[in-house]
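The values are calculated or read from the model by the stated rules, or taken from the named source; none is laboratory data. Quantities reported herein were computed from a predicted structural model and do not represent experimental measurements. So basically every Cβ, Gly included, is an ideal-geometry build from the backbone, and we count neighbours across all protein chains shown.
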């Protein structure tokens, strides 16, 4: 595919980010917020409009669609996946996207809050964007490039493929999921209906990167049962659950094992939420490591802190509950090296130097891989996600769209 073919990815993206699709970690519904379906309905209609006749939205908020094969070969069915929801960590309502055309290397001051400045020295990937068109939010919300950049790229590629039948490919499946940001993106997916052999999420960061390794992840919930009594008559009786929680938190290391003190292949123990009264407190953690062995070591470390803390509160107890979240996709993908190799080749075909990376996080691809659908993660161009400083460049999104188009041709060629 020629690099100078005009793609509509930028205009699609600008439309999608204006729709509030924030998910809610405290909701028990599927999807966690109904407003996610507002975007999904639009995507279904756009897919129908470009001729993809089976595009539909199911009751759980998943969009399914099929681009039929136009090859005489028997080609494995490939799926491209992105999520419609945006992070609950930062407001996603009333997003006002701004295009900084032909950006020339200056710090970007966001107009609705001048304290929000995208500084070049703090965002090293900006240094390769001179002359490109940078899209940001206005300073009061996130942008939503995570993961509406991926959605726009898949949609633009789908339209291109439907309009250019000379490009040979096998059957292509499209999947848009809800609730990825709250760890439930694959909870209700129907893989039998999807019918794909392999998949790729379009949910990565820097231009040219492909991620085939993620954290393994567990959640830990501590339910602290203290001893409550009237404070005027509490001597020798009261064991305040809030103070017990405080002791546990203060016993965590200050210089290691936390997100703010780790990098690369290091994992962490991270408290995320606390609630309760003097009688009972709930304390939530996420545990991250690249190996299950590392997860268990950190969970044991936290359990030892709990045990040592309870020595000072003999009449109290703590329920220690571990919930498996996802596992390192590398454990699956190592058995299907061609899935990654084809993606690296597709990136290189666009004129970009491909780079394999590990994710200090997870994607829908982590769970999909362990559900039987091997699924690495391809760059979408999103940066500084979950924050008001989020940005993406139109040119990076166009490159990612080209990678999709290259990739389906590589699968067809090698069938």
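Specify which of the listed residues (63, 44, 84, 95) is in contact with a strand residue (DSSP E or B) (Cβ under 9 Å, 6 or more places away or on another chain), without any contact (Cβ under 8 Å) to a residue 24 or more places away in the chain and surrounded by 16 or more Cβ atoms within 10 Å (Cβ to Cβ).
44
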**Among residues of segment 293-327, those that are modelled with pLDDT under 95 and either surrounded by 14 or more Cβ atoms within 10 Å (Cβ to Cβ) or not in a strand (DSSP E or B) (or both), counted** = 3
**Asked** Could you list, in sequence order, the residues of segment 200-219 that are part of a strand (DSSP E or B) and touching a helix residue (DSSP H, G or I) at 6+ places or on another chain (Cβ under 6 Å)?
**Response** 201, 202, 203, 210, 212, 213, 214, 216, 218
**Request:** Examine segment 344-362 for a residue that is surrounded by 14 or more Cβ atoms within 10 Å (Cβ to Cβ), at pLDDT 95 or above, assigned to a strand (DSSP E or B) and at positive phi, and state whether such a residue exists.
**Result:** no
**Request:** Kindly establish whether residue 186 is in contact with a helix residue (DSSP H, G or I) (Cβ under 6 Å, 6 or more places away or on another chain), in contact (Cβ under 8 Å) with a residue 12 or more places away in the chain and either within 30 Å of residue 415 (Cα to Cα) or not in a helix (DSSP H, G or I) (or both).
**Result:** yes
**Message:** Being outside any loop (DSSP other than H, G, I, E, B) and modelled with pLDDT of 95 or more is the requirement here; does residue 222 meet it?
**Reply:** yes
**Prompt:** Hey, among the residues in segment 151-183 that are touching a strand residue (DSSP E or B) at 6+ places or on another chain (Cβ under 9 Å), more than 17 Å from residue 35 (Cα to Cα) and not in a helix (DSSP H, G or I), which one's modelled with the lowest pLDDT?
**Reply:** 183
**Message:** Anything in segment 347-383 that is out of contact with any strand residue (DSSP E or B) (no Cβ under 8 Å at 6 or more places or on another chain) and either over 14 Å from residue 198 (Cα atoms) or without any contact (Cβ under 8 Å) to a residue 24 or more places away in the chain (or both)? List them, or say none.
**Reply:** 348, 349, 350, 351, 352, 353
**Complete:** When segment 271-283 is checked residue by residue, the ones that are surrounded by fewer than 18 Cβ atoms within 10 Å (Cβ to Cβ) and in contact with a strand residue (DSSP E or B) (Cβ under 8 Å, 6 or more places away or on another chain) are 271, 272, 273, 274, 275, 276, 279, 280, 282
**Asked** Any idea which residue in segment 363-385 is farthest from the chain's Cα centre (by Cα), counting only those that are within 30 Å of residue 110 (Cα to Cα) and at pLDDT below 95?
**Response** 385
